[in-house]
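Below you'll find the structure, written out as structure tokens, and then a few comments.
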Amino acid sequence: MAAIRSVKGMVALVTGGASGLGRATAERLVSQGASAVIVDLPSSRGSEVAKALGERCAFAPADVTSESDIKAAVALAKERFGQLDINVNCAGIAIAVKTYNFKKELAHGLEDFHRVVNVNVCGTFNVLRLAAAEMGRNEPDADGRRGVIVNTASVAAYDGQVGQVAYAASKGSIVSMTLPIARDLASQGIRVVTIAPGLFSTPLLEGLPEKVLAFLSRQVPFPSRLGHPEEYAHLVQAIVENPMLNGEVIRLDGAIRMQP
């Protein structure tokens, strides 16, 4: 019978780790005995966050769409902590633009669409492919396991709202590539799982007016509130520790189904 393996002693690479879901994930993994390399933009608070988390955390300033930046981040994990076992991809951006604005007679900017897809899809893929290369060098455990990749989609992949075409397309891509990547990496004992969060209290939403946040909270059947980043991080740990979770997309949304 496959043993449940604790995250203690593992090494994680967490993108978007300076804030929101990524920061909560890095904090939880470190608190549970793992080590973490936070990957975020040079302008982020990544260095400050890593310092606060102590000697089992390091910061790699990087653009997720840059091959050289991510290679350097993976190398840092190997050099500082000896290996790489977990990759959690939380880095992403969003915009709110309609396909065509008939009042302004203005089409959705193609450059804006490209930018969202490039960061959210190509950036995620760039990181996980290079992380997988390093994981593949790990000695497999008794059950053949070498690593775990957790990607972040969104309920927008299924219930995209007005103005979310670029964001929904990018998150739908992450959903769609979950299974083929899991199949690609299965021979090396590397699992791939995607989390599709609903409405979470992250920098993406925290800038909204209080009335809007209260309205959004009421849309969630139960619990009727925004999700806490710590709840996302808890699920990441459960995914890493449960060897049968693979090739799956898990909605973490309080049963919300966004209406137009």
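All of the numbers you see were taken from the coordinates with simple rules; none came from a lab. In this text the structure is predicted, and so the values were computed from the model without any measurement. Glycine gets a Cβ as well: all are built from the backbone with ideal geometry, and neighbour counts include every protein chain shown.
Once the Cα atoms of helix 229-241 and of the chain are each reduced to a long axis, what angle between those two axes, in degrees from 0 to 90 to the nearest 10, is obtained? It is inclined by approximately 40 degrees.
Annotation: amide H-H contacts under 5 Å for Asn87 (H modelled 1.01 Å from N, sequence separation of 5 or more, or interchain): Leu13, Val148, Ile149, Val150. Look at the alpha carbon pairs under 8 Å that are at least 6 residues apart: their mean separation over the length of the chain gives a relative contact order of 20 percent.
Ordered by the number of other Cβ atoms lying within 10 Å of each residue's own Cβ, fewest first, Asp253, Asp63, Asp143, Asp40 fall into the sequence Asp143, Asp63, Asp253, Asp40. With each label modelled as a point 7 angstrom along the Cα→C-beta vector, the Gln161-Val175 pair spans 1.7 nm.
Distance from the C-alpha centroid of the range 129-178 to that of the range 23-42: 18 Å, rounded to the whole angstrom. Relative protection proxy for 106-119, 68-81, from highest mean packing down: 68-81, 106-119 (other beta-carbon atoms within 10 angstrom).
For the range 6-50, list residues with backbone N below 20 Å from a point placed 7 Å from the Cα of Ser66 toward its Cβ? Under cut-off, by backbone N: 13-19, 37-50. Stokes-Einstein diffusion for the range 176-231 at 20 °C, viscosity 1.002 mPa s, with a Kirkwood radius from C-alpha pairs, works out to 157 µm²/s. Using +1 at the C-beta of Lys and Arg and -1 at the C-beta of Asp and Glu, which of Ala73, Ile250, Phe215 has the Cα lying farthest in the positive direction of the dipole of the chain? The residue sitting most towards the positive pole is Phe215. The phi torsions of the range 81-92, fed into the Karplus equation with coefficients 6.51, -1.76 and 1.60 and a -60° offset, translate into couplings of 10, x, 6, 9, 10, 10, 10, 10, 9, 10, 5, x Hz, rounded to whole numbers, with Gly and Pro shown as x.
Phi-derived couplings, Karplus 6.51 cos²θ - 1.76 cosθ + 1.60 at θ = phi - 60°, listed residue by residue for the range 170-176: 5, 6, x, 5, 5, 4, 5 Hz, with x used for Gly and Pro. With neighbour counts taken as other beta-carbon atoms within 10 Å, the residues Met135, Met244 rank, fewest first, as Met244, Met135.
Taking amide hydrogens as placed 1.01 Å from N in the peptide plane, the amide H of Phe200 sits under 5 Å from those of Gly227, each at least 5 positions away in sequence or on another chain. A simple packing score, the average count of other Cβ atoms within 10 Å per residue, orders the peptides 177-183, 209-215 as 177-183, 209-215, with the highest score first. Shape of the range 139-260 from the C-alpha gyration tensor: prolate (a/c of 1.5 or more and a/b above b/c, with a ≥ b ≥ c the square roots of its eigenvalues). Within a straight-line Cα-Cα reach of under 13 Å, Lys171 can be paired with the following aspartates and glutamates, leaving aside sequence neighbours fewer than 8 residues apart in one chain: Asp159. Can you figure out the FRET efficiency of Ser6 with His108, using R₀ = 35 Å and their beta-carbon distance, to the nearest 0.05? Approximately 0.15, to the nearest 0.05. Straight-line cross-link partners of Lys51 among the lysines, defined as a Cα under 26 Å from its Cα and at least 8 positions apart when in the same chain: Lys8, Lys71, Lys78.
Each residue of the range 46-63 is assigned a 3J(HN,Hα), and the resulting list reads x, 5, 5, 5, 4, 4, 5, 7, x, 5, 8, 9, 9, 10, 10, x, 6, 9 Hz, derived from the Karplus form 6.51 cos²θ - 1.76 cosθ + 1.60 (θ = phi - 60°), x at Gly and Pro.
Note that the chain carries a Kirkwood radius of 18.6 Å, evaluated over its alpha carbons pair by pair. Its DSSP H runs of at least 4 residues, each contributing -39,500 (n - 2.57), put the calculated 222 nm mean residue ellipticity of the chain at -12500 deg cm²/dmol, to the nearest 500.
Helix 123-135 and the longest principal axis of the C-alpha atoms of the chain enclose an angle of approximately 10°.
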